[in-house]
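A.B. asks: Take this structure first; my questions come after.
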Amino acid sequence: MAFLIRRRPRPLATLAVAMRLALAVLLIAATAASAVEGDASTLERRVKAAFLYKFAGYVEWPAQAFVRPDDPVVIGVVGADALADELEQVVAGRRVGNRPLITRRLDRVDPAARVHILFVGRGVDRGQVFDLLARMQREPVLTVTEADSGWLAGSVINFVIDNDKVRFQISAAAAEGHGLRLGSQLLAVAREVRRGSP
């Protein structure tokens, strides 16, 4: 059974950090909007790429997810080549702590692919999405989908469009199943947080 978490007043420090995260994403979105006025799909891709980059800073992976302390955070993208192009530009030269960020395009995914964030785009048919999520179920991977029709079992974060804005839902239970800890600042800016199974 799914439980929807009701928002409670948050301490000012948590709200300030959450606002900084939201502001950073909005600034990137504003830059994208000025570069490509009127192209909603391009703007949507750019905002999602910015979110994927920002997510990396609010996730704690288990130690076994990395071989060395300076291994990169690998963001794998399947079924969304145009978004992968945007993401490559967003993460170029950036780091999360002492780890560089890299983007890897994937045709198919298996646990040996060694990704830390896996974005599954709309270019993958629904049956294959469920198969990918099932194969990654026990791996220390932040799985991110974009299913407007509803939450996908096994997805930690799901992008949705709400009033023409890119928002996201979080399944805390799925994150826990992957051995991931999500920062409270990330949970604070989510449209919805679920503690139980979807």
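Since every read-out is calculated from the coordinates, none of them should be taken as a lab result. A quick note: this is a predicted structure, and the numbers were derived from the prediction, not measured. Here the Cβ is made from the backbone with ideal geometry for all residues, glycine too, and neighbour counts use every protein chain on show.
A.B. asks: Show the residues, 5+ positions off or on another chain, whose built amide H is closer than 5 Å to the amide H of R99.
C.D. replies: none
A.B. asks: At 7 Å along the Cα-to-beta-carbon direction for both S41 and R191, put a label point, then send me their distance in nm to one decimal.
C.D. replies: Each label point lies 7 Å from its Cα, and together they span 2.0 nm.
A.B. asks: Using each residue's phi in region 39-50, evaluate 6.51 cos²θ - 1.76 cosθ + 1.60 at θ = phi - 60° and report the 3J(HN,Hα) Karplus result to the nearest Hz, with x for Gly and Pro.
C.D. replies: Values, residue by residue: 9, 4, 5, 5, 4, 4, 4, 5, 5, 5, 4, 5 Hz.
A.B. asks: Go through region 183-195 residue by residue and turn each phi into a ³J(HN,Hα) via Karplus (6.51, -1.76, 1.60, θ = phi - 60°); whole Hz please, and just put x for glycine and proline.
C.D. replies: The phi angles translate into x, 4, 5, 5, 4, 5, 9, 6, 5, 8, 10, 10, 9 Hz.
A.B. asks: Another one. P(r) for region 82-198, please, calculated from all Cα pair distances in 5 Å bins and given in %.
C.D. replies: 2, 11, 20, 23, 23, 15, 5, 0
A.B. asks: Taking H as built 1.01 Å from N, whose amide H comes closer than 5 Å to the amide H of L142, not counting residues under 5 places away?
C.D. replies: Answer set, sorted by chain and number: I117, L118.
A.B. asks: Are there any trypsin sites (Lys or Arg not before Pro) in region 115-191 that are in a DSSP loop and have at most 16 other Cβ atoms within 10 Å? List them by number.
C.D. replies: Here the sparse-neighbourhood loop sites are R122, R138, R191.
A.B. asks: Let me ask something else. For a quick size check, give me the Cα extents of region 72-137 along its three principal axes, largest first, whole Å.
C.D. replies: If we take the Cα atoms of region 72-137, the spans are 36, 23, 14 Å.
A.B. asks: Hey, another quick one. Between R95 and R126, what is 0.36 nm times their sequence separation minus the Cα-Cα distance? Round to one decimal in nm.
C.D. replies: Extra length from R95 to R126 when fully extended: 7.9 nm.
A.B. asks: Under the rule of at least 5 residues apart or a separate chain, name every residue whose amide H is placed under 5 Å from the amide H of R105.
C.D. replies: V77
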